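Q: So that we are looking at the same thing, I have put the structure below in structure tokens.
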Amino acid sequence: MKTAVCLLVTLISVTSALAQADTTPPFRRFPVLPPLMLTQLNNSQFTKDNLKKNQPTLLMYFSPDCDHCKHQIQDMMGKMNEFKKIQIVMATYRPMEEMRQFYHNYKLKKYSNIKIGRDAKFLLPPFFRIRNLPFMALYDTEGNLITTFEGNVSTDSLVVRLLGGRLK
């Protein structure tokens, strides 16, 4: 009888231990720039390999019709001189035509450090477990995660975090 009880307790313990899934978001388990596969406006693919080496990166997930996203990009554009040494990768899940309109409305073409693309395979939201837009992930020059933000963030906070406390 004792053996049966011990066996039952052991079986229950092992089963409950196996049933507990790891709830840590993937970006916390793998705190480096994730693989990117974004379709750009010219239909070419933008991947992690297209990023410049030794430059910090701001990865921004947005929706062209999101008011908070619009405010965030307007705030950033007001201080774009501060972002000169930062790569900005903007990704959206929305249709290409909406992304194109956003790109033209905010005249993003004039900023060579901004890349914009469509996350057609919807890879980034589950990786980051995005709940609110805009979502921003900040990476250092080595591609290591610094921090993430959901919702609007002051431009100064972004620059200070990305450039290691050096506001220009």
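Q: Being more than 25 Å from THR23 (Cβ to Cβ), buried (at least 16 other Cβ atoms within 10 Å of the Cβ) and at pLDDT 95 or above narrows it down to one residue among THR148, THR39, THR47; which is it?
A: THR39
Q: Name the pairs whose Cβ atoms lie under 8 Å apart, with the first residue in segment 76-87 and touching a residue at least 12 places away in the same chain (Cβ under 8 Å), the second of a type in the set (A, V, I, L, M, F, W, C) and surrounded by fewer than 19 Cβ atoms within 10 Å (Cβ to Cβ), and 6 or more positions between them or separate chains?
A: What qualifies is GLU82/LEU167; LYS85/LEU163; ILE86/LEU163; GLN87/LEU51.
Q: Evaluate segment 115-128: report whether one residue or more is charged (D, E, K, R) and farther than 16 Å from MET37 by Cα.
A: The answer is no, given that none of the residues of segment 115-128 is charged (D, E, K, R) and farther than 16 Å from MET37 by Cα.
Q: Scan (1) modelled with pLDDT of 95 or more; (2) surrounded by fewer than 17 Cβ atoms within 10 Å (Cβ to Cβ); (3) under 18 Å from GLU150 (Cβ atoms); (4) of a type outside the set (Ser, Thr, Tyr) for the single condition PRO25 breaks and write down its number.
A: Failing condition for PRO25: (1).
Q: Could you go through segment 59-67 and let me know if any residue there is charged (D, E, K, R), surrounded by 16 or more Cβ atoms within 10 Å (Cβ to Cβ) and under 20 Å from PHE149 (Cβ atoms).
A: no
The values are calculated or read from the model by the stated rules, or taken from the named source; none is laboratory data. These numbers were taken from a predicted model, which means no experiment stands behind them. Reconstructed Cβ throughout: ideal geometry from the backbone, glycine too, with neighbour counts over all protein chains shown.
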